[in-house]
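Reading through the structure tokens given below for one structure.
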Amino acid sequence: VPSLRIATVVQDILIFVVPAIATAVMITRRPDWFLNVGKVPGAAMSLLVVCVMIVSVPAMNVVVEWNQNLHLPEGLGALEKAMRDAEISAQTAIGQLIGGSSVMSCVLGVLIVGLLAGFSEELFFRGTLQRLLVTKPVNAHVAIWVTAIIFSAVHFQFFGFVPRMLLGALFGYIAWWTGNLWLPVIAHAVNNSMVVIVTWMMANGILSSDPNTIGTTDSVSDLIFAGVSLTLTAVGICLIRHISQKNALKYVD
């Protein structure tokens, strides 16, 4: 487990952080401006982003459940088995990173899977790749979704592709609207940290039911949870966009 944690940290730094910083340094004298890391986000906007990630859980659970239950045509059975084995391997790796019943194990999981992964991946995908596409003659929406698709694809988890792509698009729009990379970093870190904490609590018997199943059944309560979650998430996203546009107009004035 310690070796896996060290390898994960080194991997994130070498694959995501170093290329992102190197690219920014090579193409501009203001790498902080290019990466959108030069401004500290406001407390209110940061809190709004955190709230959006929390309230989106039941709605996202529905998408996750749907994606996990997709099946390839019968002729591609061997490919589907390989994909599902890859899913199990990824889940096992995450379990090992969080492995252990101590609080320190959970803390290390949050630091590596939550904070480091959230920062390094956003620095590479939204801070560098998406920025490169947006600064070229590419429509911003196309840039955001292309980046989100690549972001999901590099995780090599087909049965989690759609929800990860949607998250990537959300992070992309937050970065584009606000012009601040720290906000999608916060959103990404919160999302990953919730997974770590819930996984650790479930493994140690602290939670009797899995929060990842909220909204996924046909019960009336779950349908309500999913509907309310989707509504609140949409409202939160609209607020982020509205506040960002309002602040941008103030800055221009």
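The values are calculated or read from the model by the stated rules, or taken from the named source; none is laboratory data. Remember, it's a predicted structure, so these values are computed and weren't measured experimentally. No Cβ is skipped: glycine too gets one built from the backbone with ideal geometry, and neighbour counts run over all protein chains shown. Accessible surface is based on the protein model in full, side chains and every heavy atom, while ligands, DNA and RNA are left aside. Shrake-Rupley method; radii C 1.70, N 1.55, O 1.52, S 1.80 Å.
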Residues in the stretch 88-102 near a label at Ala203, defined as backbone nitrogen under 12 Å from the 7 Å Cα→Cβ point? 91-102
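Give, in nm to one decimal, the length gained when the segment between Ala82 and Val18 is fully stretched (0.36 nm per residue of separation minus the Cα-Cα distance).
Numbers: separation 64, 0.36 × 64 = 23.04 nm, distance 3.14 nm.
Result: 19.9 nm gained on full extension.
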Solvent-accessible area, 1.4 Å probe, carbon plus sulfur percent, for the stretch 90-227: 73 percent
Rel. contact order, % - alpha carbon contacts under 8 angstrom, at least six apart, the stretch 99-194: 39 percent
Surface per residue (accessible, 1.4 Å probe) for the stretch 90-187, Å²: 40 Å²
Taking only Cα atoms, what is the 0 to 90° angle, nearest 10, from helix 161-178's long axis to the longest principal axis of the chain? 20 degrees
